[in-house]
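**Student:** Pasting a structure below so you can have a look.
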Amino acid sequence: MRTGRKIIVDDALDPAGPEFYTGIFARKITSNDAQYVDAIHTNAGQLGIWQNVGQVDFYLNGGTGPQPGCIAFQTIDKAFRSITGACSHNAATRFYTRSILLGIARSEEFNGCSCESITKYKLGACGCDNTVTFGEYSQPGLTRAQYTVSA
């Protein structure tokens, strides 16, 4: 049933690229899909996208694979690339779950550093003066921004 109201929070876990962002059935998530959309990018450029789609976008370990725990295949075989891509794509779920568990345990925090580009992040040029909590405990109302998280 449509009520005309937006859901409050939408967590976009590695927003998909193929056929969701492009193609004849394109229907990507946007910051207008909920009152607060936070996106977690873990496999941009393969199964995920580089584009910012939320009020806040978190790029874990640079936003692309291989993510920790995923094997990096250096091959031209598309089947192997998609296997490693799937692992990094699914890493968004693992990191999000970890943010829930860490939030409950309060043993450590998962923070994102404000950074205007992934290139600057990879060059170590982000000062990390502005941090926000990543994942389940991300705060609605944050200014639209891009953050990097080292996990």
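**Student:** Name the single residue, out of those in the range 93-107 being at pLDDT 85 or above and out of contact with any strand residue (DSSP E or B) (no Cβ under 7 Å at 6 or more places or on another chain), that is surrounded by the most Cβ atoms within 10 Å (Cβ to Cβ). Give the steps one after another, and end with the answer.
**Tutor:** Here is the first cut: in the range 93-107, the ones at pLDDT 85 or above are 93-101.
Keeping just the survivors that are out of contact with any strand residue (DSSP E or B) (no Cβ under 7 Å at 6 or more places or on another chain) gives 94, 97-101.
Working: ARG94: 17, THR97: 12, ARG98: 16, SER99: 23, ILE100: 13, LEU101: 12.
The residue in question is SER99.
**Student:** Across the range 115-151, which residue is farthest from ALA12 (Cα to Cα) among those that are part of a strand (DSSP E or B) and either touching a Cys at 6+ places or on another chain (Cβ under 8 Å) or among the small types (Gly, Ala, Ser) (or both)? Talk me through it step by step, then tell me what you get.
**Tutor:** Restricting attention to the range 115-151, the residues satisfying the condition of being part of a strand (DSSP E or B) are 131-133, 145-149.
When the remaining residues are screened for being either touching a Cys at 6+ places or on another chain (Cβ under 8 Å) or among the small types (Gly, Ala, Ser) (or both), the result is 131, 145-149.
Details: THR131: 20, ALA145: 15, GLN146: 14, TYR147: 14, THR148: 15, VAL149: 16 Å.
Here the answer is THR131.
**Student:** A follow-up question, please. Please work out which one of (1) surrounded by fewer than 23 Cβ atoms within 10 Å (Cβ to Cβ); (2) modelled with pLDDT of 80 or more is the condition GLN67 fails and give its number.
**Tutor:** Among (1) surrounded by fewer than 23 Cβ atoms within 10 Å (Cβ to Cβ); (2) modelled with pLDDT of 80 or more, the lone unmet condition for GLN67 is (1).
**Student:** Quick check on the range 16-24. Is at least one of its residues closer than 26 Å to GLY4 by Cβ, at pLDDT below 90 and either in a loop (DSSP other than H, G, I, E, B) or of a type outside the set (Val, Ile, Thr) (or both)? Walk me through it before giving the result.
**Tutor:** Filtering the range 16-24 for residues closer than 26 Å to GLY4 by Cβ gives 20.
Add one more test, that the residue is at pLDDT below 90, and what stays is 20.
Narrowing the set further to residues that are either in a loop (DSSP other than H, G, I, E, B) or of a type outside the set (Val, Ile, Thr) (or both) leaves 20.
So far as the range 16-24 goes, yes, one or more of its residues are closer than 26 Å to GLY4 by Cβ, at pLDDT below 90 and either in a loop (DSSP other than H, G, I, E, B) or of a type outside the set (Val, Ile, Thr) (or both).
**Student:** Tell me which residues, restricted to the range 45-57, are in contact with a helix residue (DSSP H, G or I) (Cβ under 8 Å, 6 or more places away or on another chain) and assigned to a strand (DSSP E or B).
**Tutor:** GLY48
**Student:** Then there is this: Please enumerate the residues belonging to the range 33-73 that are of a type in the set (Phe, Trp, Tyr) and in contact with a strand residue (DSSP E or B) (Cβ under 6 Å, 6 or more places away or on another chain). Spell out the reasoning first.
**Tutor:** Step one: filter the range 33-73 for residues of a type in the set (Phe, Trp, Tyr), giving 36, 50, 58-59, 73.
Matches in the range 33-73: TYR36, TRP50, PHE58, TYR59.
**Student:** Taking interchain pairs and intrachain pairs at least six residues apart, which have beta carbon atoms under 9 angstrom, with the first residue in the range 110-122 and crowded, with 18+ Cβ neighbours inside 10 Å and the second among the basic types (Lys, Arg)?
**Tutor:** Matching pairs, first to second residue: PHE110/ARG98.
The values are calculated or read from the model by the stated rules, or taken from the named source; none is laboratory data. All values reported here derive from a predicted model rather than from experimental measurement. Counting neighbours? That spans all protein chains shown, and the Cβs are built from the backbone with ideal geometry, glycine included.
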